[in-house]
Amino acid sequence: MNDPRRHVPSVDAVLRAAPATAAERKRLTAAIRDVLASARAEGAEILDPAAYARLARERIATRDAPTLRPVINATGVVLHTNLGRAPLSDAALDAIRAASGTVSVEYDLERGARGERHGHAAGLLAEVTGAQDAVVVNNGAAAVLLALAALAGKREVIVARGELVEIGGGFRIPDVLVRSGAKLVEVGTTNRTYVRDYANAVTDRTGAILRVHASNFALRGFVAKAPSPELAALAHERGIAFIHDLGSGTLLDTARFGLGREETVAEAVRDGADVVTFSGDKLLGGPQAGIAAGRAEAIGKLRSHPLMRALRPDKLTIAALVATVAAYRDGTAVSTLPVWRLIAETPAKLGRRAKAVAAALEAAGIGAAVVVTTSTVGGGSLPEETQPSRGVALSSVSPARSVGALRRSDPAVVARIVDDRVVLDLRSVLPEQDAALTRAVIRALSNEDMSARRDRA
């Protein structure tokens, strides 16, 4: 009878202290049971029923809090895979809103009959890439899978050993080959592969030659690879397909922004590939999607393959992609697509912005200084390539604690620690986000400072 756990109130007593609607009663009851069970297990101080009711409601609120939250990316990685890669343009967001209702996704308004889902983006993609035709699926890996299944299913596919890559999330080219029904045939060595290696591997069982872009690493030194035009010529001479997986897939010359030169989609198409696959949410700057562009006959086989039904994009993806690609057609990609706006920002402009952010933080009592940083494109694009950038270094007793506080702010801020200092790299922050970034940092670090003082007391 002296056991304090016996004095924990009953579930009914707590429910009486917390009137609930019929809709919330079941969830509230479950939360109360959890709270009371914890109180008994921990032997904590006994509270009144109303206090336990508040704890139960707090538990529900924590559980219901959205996990997909807006984030300000202050890491300096422009295409941060964990933060959703390319932010969408205003035009893409407007297109998504317009397409969110009832739309003609598979309805021909002229004929008043069933239409073609894949026609909305095909013509525009063909125009900007120089391809004869194009098709869209739900991600880049799906585009590779579909191309292999449609053009080389149950047949052999020749790949250079140096291109048997694994990228983020455990995505491996050999695994995709197996899932497509094709059989992998490796040629060459890790560092050097020639056209003759491919030619010697072609048999009557061969379905395709696959070239894979080394999207997240680079081979340097004593290396050699077969030129794409020669591989295309070999494939067409032998009556097999040439598939080129570009990975990120850019429509612009990256060298103009001080970066290494990345092969463009138009160049890959011009080099003779039957199908060129690339992502929609990397250097293209659009929504998550996989795109296959190339010869009409090959693309037609992809479009009619049974897997297409499982891999097709939804109406919102199509709408955002069309709006994004239209910027390339109209010559406005650098000025309107966030990914290119971030990449194109000069160190001088970044420095001026960093100075303004640092001054605002200093005025709020948070130590801040402008620092020179180095940023990356990320997202498996342009491996080993960096850009000069500018950031704001924050004064902090505990950098680890500060970055945690920033992640919990609203909006969340994801920064990085450089030389034991918290740094906000503005290369990955759009200019219109500077004010929101400043406010979020002030809130987060002011609260952290008060928490630290309480802990010391």
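The values are calculated or read from the model by the stated rules, or taken from the named source; none is laboratory data. Here the structure is a predicted model, which means the values were calculated and not measured. Virtual Cβ from ideal backbone geometry, glycine too; neighbours counted across all protein chains shown. Surface areas here come from the heavy atoms of the whole protein model, side chains and all, with no ligands, DNA or RNA. Shrake-Rupley method; radii C 1.70, N 1.55, O 1.52, S 1.80 Å.
Things to note:
- Exactly one residue out of 391, 380 is buried (at least 21 other Cβ atoms within 10 Å of the Cβ) and at pLDDT 95 or above, and it is 391.
- Residue within the stretch 26-38 that is surrounded by 14 or more Cβ atoms within 10 Å (Cβ to Cβ) and closer than 30 Å to residue 329 by Cβ present: no
- A single member of 357, 372 is exposed (fewer than 15 other Cβ atoms within 10 Å of the Cβ), within 30 Å of residue 447 (Cα to Cα) and of a type in the set (A, V, I, L, M), and it is 372.
- Of all residues in the stretch 229-281, those satisfying the criterion of being of a type in the set (A, V, I, L, M), open to solvent by 10 Å² or more (accessible area, probe 1.4 Å) and at pLDDT 95 or above are 233, 234, 240, 241, 251, 252, 266, 269.
- Which numbered condition residue 206 misses (of (1) more than 20 Å from residue 279 (Cα to Cα); (2) modelled with pLDDT under 95; (3) among the hydroxyl-bearing types (Ser, Thr, Tyr)): (2)
- Candidates 264, 277, 250 - the one that is under 16 Å from residue 134 (Cα atoms), under 24 Å from the mean Cα position of the chain (by Cα) and free of Cβ contacts under 8 Å to residues at least 24 places away in the same chain: 264
- Restricting the stretch 299-316 to residues that are among the aliphatic types (A, V, I, L, M) and out of contact with any Leu (no Cβ under 7 Å at 6 or more places or on another chain), the residue that is most open to solvent (accessible area, probe 1.4 Å): 310
- Conditions (1) in contact (Cβ under 8 Å) with a residue 40 or more places away in the chain; (2) open to solvent by 50 Å² or more (accessible area, probe 1.4 Å): number failed by residue 434: (2)
- Which listed residue, of 69, 40, 33, 63, is under 39 Å from the mean Cα position of the chain (by Cα) and in a helix (DSSP H, G or I): 63
- Boolean, residue 179 is closer than 30 Å to residue 377 by Cα and charged (D, E, K, R): no
- Among the residues of the stretch 317-337, those that are touching a residue at least 60 places away in the same chain (Cβ under 8 Å) and either surrounded by fewer than 18 Cβ atoms within 10 Å (Cβ to Cβ) or small (Gly, Ala, Ser) (or both) comprise 319, 320, 323, 326, 327, 329, 333, 334.
- Candidates are the residues of the stretch 45-72 that are in contact (Cβ under 8 Å) with a residue 12 or more places away in the chain and open to solvent by less than 50 Å² (accessible area, probe 1.4 Å); the one that is farthest from residue 30 (Cα to Cα) is 72.
- So residue 101, is it closer than 25 Å to residue 242 by Cβ and of a type outside the set (A, V, I, L, M, F, W, C): no
- As a summary of the residue check, residue 278 satisfies the conditions (1) more than 21 Å from residue 179 (Cβ to Cβ); (2) touching a His at 6+ places or on another chain (Cβ under 9 Å); (3) among the hydrophobic types (A, V, I, L, M, F, W, C) except for the one numbered (1).
- Residues in the stretch 85-104 that are surrounded by fewer than 21 Cβ atoms within 10 Å (Cβ to Cβ) and in contact (Cβ under 8 Å) with a residue 24 or more places away in the chain: 90, 91, 93, 94, 96, 98, 100, 103.
- Single unsatisfied condition, residue 333 versus (1) in contact with a helix residue (DSSP H, G or I) (Cβ under 8 Å, 6 or more places away or on another chain); (2) of a type outside the set (Asp, Glu); (3) more than 24 Å from residue 96 (Cβ to Cβ): (3)
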